[in-house]
Each structure stands twice: as structure tokens, then as C-alpha cells.
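Trainee: Attaching a single structure in C-alpha cells format; questions to follow.
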Amino acid sequence: MHPLIMTLMLLQSSHFPTNKPNVRCTLTAPRNCLIGNVPYLDVNLDNLTNDRIYLVVRHEYLPYPRCQLEITTPLGTRANYPNRWACVSIDLSEWHFVHVEPQGKLNPYFNPRFKGEQTGHVRDHQLVPWNFLIPGEYRFRFVYSTASHDLKDWHGSYPDADPVMLNKFKRMPKVKVISNEIRIFFFAPIFLF
């Protein structure tokens, strides 16, 4: 190869770094569970950057961030989605944003600014006992998305958005991350007579 071409290739690779993910999603849970029980799942979002970022905690009546659990049963089918009826909707506010330090973590189901009782475990409408009645191995993945750049998708009363919230929205990475896949074996109880 000609030396000039080799030099240009090296310059190009150093001037255009590869796109590294700035947020990672990790899902953890016990390895076994009794059928008919709901497993405790924990999710963490890791800030992989050297900057302070904002992420949004999940709220049941906010359209974003999208926090979706994917469950595959031992039969290879998806777990049922029971009907959900929301009676209320709320607007995104400055309160929903949580500051995440460089290399820090956030559980999207736990808001450190909220003083009420929180377990921090994943809450999802699929996590109901009747979705875990078949013995065998279930597979779980978690999807977290802040991908929409349009504030109207996040905030119902966009014209009234306060400047503090808008600043945090701009500093939040717009990402869609998918967690690792975990497998939980659901077993039937053994009765000895």
C-alpha cells in the first residue's frame, strides 16, 4: 500500500472516533422462582461517559421514557399484556430528571428525590402471577428508551415547559438501550406425602 494512503487512513480513524454507547442497561434477578410467583427484577442504567448526564425515571403515566420488559415463556411465546387503563396523565417535569455522575448508575424505578416508599424493583404490567404458571425457563430483557428528540412526545403542555426542565431535557442522551438477557427457571413445588 502506498505510504500516503496509509497515513490518510490513520488520520481518518483518529479524527472520526467510533460511536461508543453512552448508556448501558443491566438486568439482574434470581436464577430460580416458584411457578405462580412474580420474580424480583432489578435494572440499572450505567453512565459510560466522563460527563454528568440526566436520565428520566419511569413514571406510569408518562409516555417516556419507554421502559418495556420483554418476557419469553418456555413455549417460545411472549407473555400476555393485560389491558391497562390510565385514568390520569401527567406532564414531564424537572422533578423526573435524575442527575447521574460520570460512570454512575441509575435505577429507573427508583427516584432518589422521592421521599415515599420505593422498592426499586421493576414494575411492569406483565409481571403478574398468571404469566408464570408453566414450569421451565423464561427469558427476560429490558428496553429503556429516551430516543425521541421531540419534547411534544414527552410533555403534554409543551408551550408551558419551564426553562429548568428544558435545560435538563437538552442534556439528556437520546438513546434506546437493550439489557442483557437473563434466564429464570420456574419450578413446581414438590409435595412429599
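The values are calculated or read from the model by the stated rules, or taken from the named source; none is laboratory data. Nothing here was measured: the structure is a model prediction, and the numbers come from that model. No Cβ is skipped: glycine too gets one built from the backbone with ideal geometry, and neighbour counts run over all protein chains shown.
Trainee: Which residue pairs have Cβ atoms under 8 Å apart, sit 6 or more places apart or on different chains, and have a first residue in the stretch 93-105 that is within 14 Å of Val56 (Cα to Cα) and a second that is part of a helix (DSSP H, G or I) and among the aromatic types (Phe, Trp, Tyr)?
Mentor: Phe97/Phe169
Trainee: Would it be correct to say that Arg31 is exposed (fewer than 11 other Cβ atoms within 10 Å of the Cβ) and either within 30 Å of Pro189 (Cβ to Cβ) or at pLDDT 85 or above (or both)?
Mentor: Values: exposed (fewer than 11 other Cβ atoms within 10 Å of the Cβ): yes; either within 30 Å of Pro189 (Cβ to Cβ) or at pLDDT 85 or above (or both): yes.
When the stated conditions are applied, Arg31 passes them.
Trainee: Read through the list (1) surrounded by fewer than 12 Cβ atoms within 10 Å (Cβ to Cβ); (2) modelled with pLDDT under 80; (3) in a loop (DSSP other than H, G, I, E, B), then give the number of the only condition that Leu92 fails.
Mentor: Failing condition for Leu92: (1).
Trainee: Let me ask something additional. Would you confirm whether any residue within the stretch 2-25 is over 29 Å from Glu94 (Cβ atoms), among the small types (Gly, Ala, Ser) and either modelled with pLDDT of 60 or more or in contact with a His (Cβ under 6 Å, 6 or more places away or on another chain) (or both)?
Mentor: The answer is no, given that none of the residues of the stretch 2-25 is over 29 Å from Glu94 (Cβ atoms), among the small types (Gly, Ala, Ser) and either modelled with pLDDT of 60 or more or in contact with a His (Cβ under 6 Å, 6 or more places away or on another chain) (or both).
Trainee: Leu151 versus (1) loosely packed, with under 12 Cβ neighbours inside 10 Å; (2) modelled with pLDDT under 85: which is the lone unmet condition?
Mentor: (1)
Residue by residue, here is whether (1) modelled with pLDDT under 90; (2) part of a helix (DSSP H, G or I); (3) touching a Ser or Thr at 6+ places or on another chain (Cβ under 7 Å); (4) closer than 30 Å to Val164 by Cα holds:
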site: Phe114; (1), (2), (3), (4): yes, no, no, yes
site: Thr119; (1), (2), (3), (4): yes, no, no, yes
site: Arg123; (1), (2), (3), (4): yes, no, no, yes
site: Leu127; (1), (2), (3), (4): yes, no, no, no
site: Ile134; (1), (2), (3), (4): no, no, yes, no
site: Arg139; (1), (2), (3), (4): no, no, yes, no
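Trainee: If I filter the stretch 34-61 down to residues being assigned to a strand (DSSP E or B) and not β-branched (Val, Ile, Thr), which single residue comes out as farthest from Ile190 (Cα to Cα)?
Mentor: We begin by selecting, within the stretch 34-61, every residue assigned to a strand (DSSP E or B); these are 34, 42-47, 53-56.
Among the residues that remain, those that are also not β-branched (Val, Ile, Thr) are: 34, 42, 44-47, 54-55.
Details: Leu34: 11, Asp42: 28, Asn44: 34, Leu45: 38, Asp46: 40, Asn47: 44, Tyr54: 48, Leu55: 45 Å.
This residue is Tyr54.
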